Each structure stands twice: as structure tokens, then as C-alpha cells.
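Data first, discussion second: the structure below is written as C-alpha cells.
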Amino acid sequence: SLPELITDRYNGFLFSPDDSNDLSEKIKDILSIDHEKKRLMRKNCISWAKNYCDEKKHYKKLIKIFNNSISKQNI
């Protein structure tokens, strides 16, 4: 997935694009981690999604970006 959205081994796994060997290693890693680590990664993923994808937080971030852009154009 996109490295901007995934922290490797925290809420997912990253692999090098166009590197089938790296992808293969990551799949082996996923299959070999214990249940507790999988549970923790799942929890981290859900927590990240709730924080990052929250509609109100996203709206506030967009408004801040828009306001900064507008104020820079008025300088």
C-alpha cells in the first residue's frame, strides 16, 4: 500500500514496488507473526483509520489548508 498510509510493521507491511522477492518476504512475514502481533497490528490499523479518516478532523484540516492558501495569495 501507499507508504503515506502505512507504517511498516505497525499497521501493515510495505514492500518495494516491482520487487517480487520483497513482496514474497513480506507475505512470509505476515504468515509467520503470532496471533497477538496480528491483533495489535489490527488494533493499530483501526485506530489510525479512526484518527486519520475522521470526517470532522479531515474537514478541519482541509479548511486550514484552504485558509493558508488564500492568505498566501493575498500577500
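Read the figures in this text as sums done on the coordinates, not as results from a lab. Computed from a predicted model, the values in this text were never measured in an experiment. No Cβ is skipped: glycine too gets one built from the backbone with ideal geometry, and neighbour counts run over all protein chains shown.
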Go ahead and run the numbers for FRET between E36 and R9, Cβ-Cβ distance against an R0 of 22 Å, rounding to 0.05. 0.95
Can you give the three extents of the C-alpha atoms in region 5-62 along their principal axes, from longest to shortest, in whole Å? 41, 30, 10
Summing -39500 (n - 2.57) over every DSSP H run of at least 4 residues in the chain and dividing by its residue count gives a helix-only mean residue ellipticity at 222 nm, to the nearest 500 deg cm²/dmol, of -22500 deg cm²/dmol
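Step through the table entries K28/K57; K28/K64; K37/K57, compare each Cα-Cα distance with 31 Å, and write down the pairs that go over it.
Check vs 31 Å cut-off fails for K28/K57; K28/K64.
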Selected from L23, N67, L2, residue furthest toward positive end of dipole (the chain; charges at beta carbon): N67
To the nearest 10 degrees, how steep is helix 55-73 against the longest Cα principal axis of the chain, on a 0 to 90 scale? 50
Specify the residue with the greatest mean-square fluctuation among L62, L23, L40, computed from a Gaussian network of the chain linking alpha-carbon atoms under 10 Å apart. L62
May I ask you to list the lysines whose Cα is less than 21 Å away from that of K61, ignoring any residue fewer than eight positions away on the same chain? K50, K72
